[in-house]
Each structure stands twice: as C-alpha cells, then as structure tokens.
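Inspection log for the structure reproduced underneath, given as structure tokens.
The values are calculated or read from the model by the stated rules, or taken from the named source; none is laboratory data. A quick note: this is a predicted structure, and the numbers were derived from the prediction, not measured. All Cβ positions, glycine included, derive from the backbone under ideal geometry; neighbour counts span all protein chains shown. The area values use the complete protein model at the heavy-atom level, side chains included, leaving out ligands, DNA and RNA. Shrake-Rupley method; radii C 1.70, N 1.55, O 1.52, S 1.80 Å.
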Amino acid sequence: MNDTFLKACRGEKVPYTPIWIMRQAGRYLPQYRAVRGKADFLTMCRTPELAAEVTMQPIDILGVDAAILFSDILIPCGAMGQGLEFHEGRGPLLSPAIRSADTVKKLLVPDPEETMGFVMDAIRLLRKELAGRVPLIGFAGAPFTTATYMIEGGTSKNFLNTKRMIFESPALYAALMDKVTGTITEYLKAQISAGAQAVQIFDTWGGIFSPSDFREYALSYVKRIIKDLRSWMKRERSEPVPIIYFVGETAGLLEEIKDAGADVYGVDWRINIDDAVRRLGGNAVVQGNLDPLSMFLPKEKIEEKAADILKRASSAKGHIFNLGHGVVPETPPQNVIALVEMVHRISKK
Ligand code: CP3
C-alpha cells in the first residue's frame with residue numbers, strides 16, 4: 001500500500017516526495033504504442049480493459065506513486081451530443097463547432113453513468129487491479145479549457161472564436177458554460193463514486209487570459225465545481241478525495257488561482273516553484289514543475305534540475321513532483337524511469 005501521494009495531497013508528513021507524470025500513459029512508451037497499434041485512441045478510451053491496461057503500464061515501468069486514468073478531457077463533449085473524432089496528426093475534431101444559441105440549446109447535460117459508463121467501468125476495474133498498490137487519479141478538463149475545444153471545433157492557436165463569443169456574446173458563453181460546468185461536476189462525482197481517489201481538473205489554456213478575465217471567464221466555473229464537490233463529498237463520503245487544479249501558464253495567474261479552493265495546485269515550469277508557493281499564500285500544496293523537454297538533457301543535468309525543484313519546494317506544506325505539462329511523445333523512456341528514481345532517492349528522509 002503506497003499512499004504517499006494522498007498523504008502529500010493532504011499536506012501530511014511523507015517518507016519521500018511522491019511523483020507521477022502528466023500523460024504518463026502515452027506514445028513515448030513502446031508498450032503503449034503496441035496497444036495503440038491495435039486500436040484507435042477513442043476505442044482505447046471506450047474499452048475499459050484497454051484503458052486499464054495502459055493506465056497500469058507506467059506503474060510497472062516507471063514506479064510512479066499514482067496512476068492516472070487513461071481517458072481524455074474531451075470525452076464529456078461527446079456525451080453532451082457533439083461529434084468527437086481524433087485524426088492522426090491533426091488532433092481532436094469536434095462538430096458542429098458550438099457558436100450559436102441553437103447549438104448551445106441542443107447540448108445535453110448527460111447522466112455520466114449512462115453516457116460515459118465505460119470511464120467508470122475502467123475506474124472500477126483499475127481499483128481491483130491496483131489493489132491498493134498506488135492511488136488512482138480521475139480527471140476532467142476545466143469548463144473553460146473544455147469549452148475552447150467545443151467552440152473552436154478542435155485545437156486552436158489564438159482562440160479567436162472563443163474570445164469572440166466571450167466578448168461579443170457573454171450571455172451565450174454563460175449559457176454554454178452552465179451546461180459544461182454541470183456536466184463536468186456530475187462526471188467528477190461519478191468518477192469519485194466509482195473509486196477515483198483524487199481528481200485533477202485540467203485548465204491547460206487558462207493562461208490565454210488577463211488575470212481579471214481569467215477570474216471571470218475560467219476560474220469562477222472551477223470554483224463552482226469545487227464548491228459543489230466539497231458539499232457533495234461532505235454528505236456522501238466518509239473521507240473527501242483531494243482536488244488538484246492545474247493551469248497552464250500558471251505564473252501570471254497565481255493570485256487568482258489560489259482562490260479556487262483546491263487542495264493541490266499544479267504549477268508549470270515558467271516560474272520557480274518556491275515563488276509559486278509564496279504567491280499561493282505560503283500554505284499551499286504544490287505539484288510540479290520540471291520542463292517536460294528537460295527530459296532530453298543528460299541524466300546528470302536532469303538530476304541537478306530535479307534536486308533544485310525539490311529544494312525549492314521544501315517551503316511548501318506539501319509537494320508532489322511532476323512535469324510542468326505532459327510528457328512529449330519523443331521522450332526517451334529511460335530518462336523518465338531515471339527521474340522517478342532520482343526524486344525518490346534525493347527526497348528520502
Ligand atoms: O495523463 C495521462 O496519462 C492520462 C490520460 C490523458 C490523456 N489526455 C491521454 C491522451 C489526459 C489526462 C489527457 C488530458 C488532455 N487531453 C488535455 C489536458 C492536459 C494537457 O495535456 O494539456 C487536453 C488539452 C487534451 C486534449 C487532447 N487529447 C488533444 C489536443 C490531443 C491530441 C494531441 C496529442 O497529443 O495527440 C489528445 C490526444 C491524447 N490524449 C493522446 C493521449 C495519450 C494521444 C492519442 C494517441 O495515442 O494518438
């Protein structure tokens with residue numbers, strides 16, 4: 001039973017700093033590519049046995065302290081009624097793009113077990129397979145980051161359509177966000193009920209806003225989710241599960257982010273983690289924050305950088321080591337294996 005990750009989330013004393021890696025189950029692993037060679041990405045997400053198989057791979061291969069459910073933040077968009085496809089080399093495609101009152105009106109706030117039961121089945125299967133070896137993290141996209149894909153119809157460079165809707169048609173944006181926020185709240189509750197032992201909310205694109213716009217158009221909806229989850233957990237559960245909030249381009253937004261009400265804050269690499277701790281109010285639990293591309297450095301240099309982050313993060317109430325964003329497909333797996341060993345060795349008390 002390795003509960004170091006959950007203890008760190010709660011700010012409790014730990015024998016060493018726990019580590020997991022965003023996108024730890026992914027294309028950089030030959031074992032993932034072997035499964036992926038037989039099924040497309042969405043089929044993997046929708047087949048609990050395949051999702052569970054690739055979720056387990058980094059536990060065995062890397063020795064990380066937490067498993068993260070293999071799925072995608074865009075799964076709820078499909079459940080809301082939007083067409084969802086992934087195309088080789090082009091990323092996700094969502095259709096129709098949600099830009100009018102008519103398309104917003106047609107979106108559902110679905111029952112998660114009915115429409116995304118395969119996710120909850122994967123969680124139930126994984127809890128059995130993990131048998132307490134490491135905790136299982138569930139996740140969802142934050143409403144704003146999810147909505148960018150729904151509005152743009154896929155990945156975007158400057159989020160023109162999203163910002164146009166926000167600035168030209170704020171009421172339409174609010175109506176869309178009400179539905180997305182409701183969907184994600186119920187989805188996270190279903191994941192926790194199925195056995196997720198922590199949840200991470202990904203706000204990958206939060207950094208495209210000025211601080212005051214971030215507060216109004218992104219953070220307010222995350223606060224709503226966390227508040228709802230907390231009162232639901234109080235009623236329904238003997239012990240609450242930790243909530244992690246990750247924002248990409250964290251540095252300009254820490255004074256806003258700290259009001260989210262999360263247990264743990266994910267920090268990207270564009271800021272020293274001790275600065276982030278100070279700006280989060282000094283009493284925060286943080287997760288991060290090695291540049292994902294530093295995985296291409298020689299091992300001695302990776303170790304120097306990992307040691308520096310561990311030292312800086314000692315000012316926090318708790319620290320979970322991670323990269324500042326997802327591991328990229330070109331990454332040499334040996335370097336990720338080495339990083340996990342280093343973090344465990346250097347931080348050992
Ligand atoms: O972290 C994990 O190991 C858990 C699984 C996970 C995936 N995506 C698997 C995935 C998680 C937590 C995500 C989150 C996600 N998905 C985010 C937020 C975090 C981040 O990375 O910024 C976003 C923005 C997405 C949307 C998404 N999914 C895009 C834009 C793409 C295409 C680009 C790409 O990397 O291929 C995906 C596909 C995706 N999601 C893959 C994986 C392993 C690659 C699919 C493949 O095998 O071809």
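A few remarks follow.
- Filtered residues of region 257-288 (kept if over 20 Å from Val241 (Cα atoms) and open to solvent by 30 Å² or more (accessible area, probe 1.4 Å)): Trp269, Arg270, Asn272, Asp274, Asp275, Arg278, Arg279, Gly281, Gly282
- Taken over region 69-104, the criterion of being within 8 Å of the ligand (Cβ to nearest atom), touching a residue at least 12 places away in the same chain (Cβ under 8 Å) and open to solvent by 20 Å² or more (accessible area, probe 1.4 Å) is satisfied by Asp72, Ile73, Phe86, Gly91.
- Selection from region 289-329 of residues that are in contact (Cβ under 8 Å) with a residue 40 or more places away in the chain, outside any strand (DSSP E or B), within 16 Å of the ligand (Cβ to nearest atom) and hydrophobic (A, V, I, L, M, F, W, C): Met295, Val327, Val328
- Inspection of region 30-38 identifies no residue that is surrounded by 19 or more Cβ atoms within 10 Å (Cβ to Cβ) and either closer than 30 Å to Asp178 by Cα or more than 11 Å from the ligand (Cβ to nearest atom) (or both).
- The residue of region 134-186 that is surrounded by the most Cβ atoms within 10 Å (Cβ to Cβ), among those that are within 13 Å of the ligand (Cβ to nearest atom), in a loop (DSSP other than H, G, I, E, B) and among the hydrophobic types (A, V, I, L, M, F, W, C), is Ala142.
- Residue in region 123-133 that is open to solvent by 10 Å² or more (accessible area, probe 1.4 Å), free of Cβ contacts under 8 Å to residues at least 12 places away in the same chain, within 24 Å of Pro240 (Cα to Cα) and not aliphatic (A, V, I, L, M) present: yes
- In this structure, Gln200 does not satisfy being within 16 Å of the ligand (Cβ to nearest atom) and either in a helix (DSSP H, G or I) or without any contact (Cβ under 8 Å) to a residue 24 or more places away in the chain (or both).
- Residue in region 32-46 that is among the aromatic types (Phe, Trp, Tyr) and in contact with a helix residue (DSSP H, G or I) (Cβ under 9 Å, 6 or more places away or on another chain) present: yes
- Among residues of region 246-257 that are over 10 Å from Gly324 (Cα atoms) and at pLDDT 95 or above, those with a Cβ under 7 angstrom from a residue that is surrounded by fewer than 19 Cβ atoms within 10 Å (Cβ to Cβ) and small (Gly, Ala, Ser), sequence gap 6+ or separate chain, pair up as Gly252/Gly207; Leu253/Gly207.
- Residue that is farthest from the ligand (Cβ to nearest atom) [pool: residues in region 222-235 that are open to solvent by 20 Å² or more (accessible area, probe 1.4 Å) and closer than 25 Å to Lys105 by Cα]: Asp228
- Region 52-66 - residue that is under 17 Å from Val119 (Cβ atoms) and more than 9 Å from the ligand (Cβ to nearest atom) and, of those, surrounded by the fewest Cβ atoms within 10 Å (Cβ to Cβ): Met56
- Residues being in a helix (DSSP H, G or I) and within 13 Å of Asp203 (Cα to Cα) - total across region 236-253: 2
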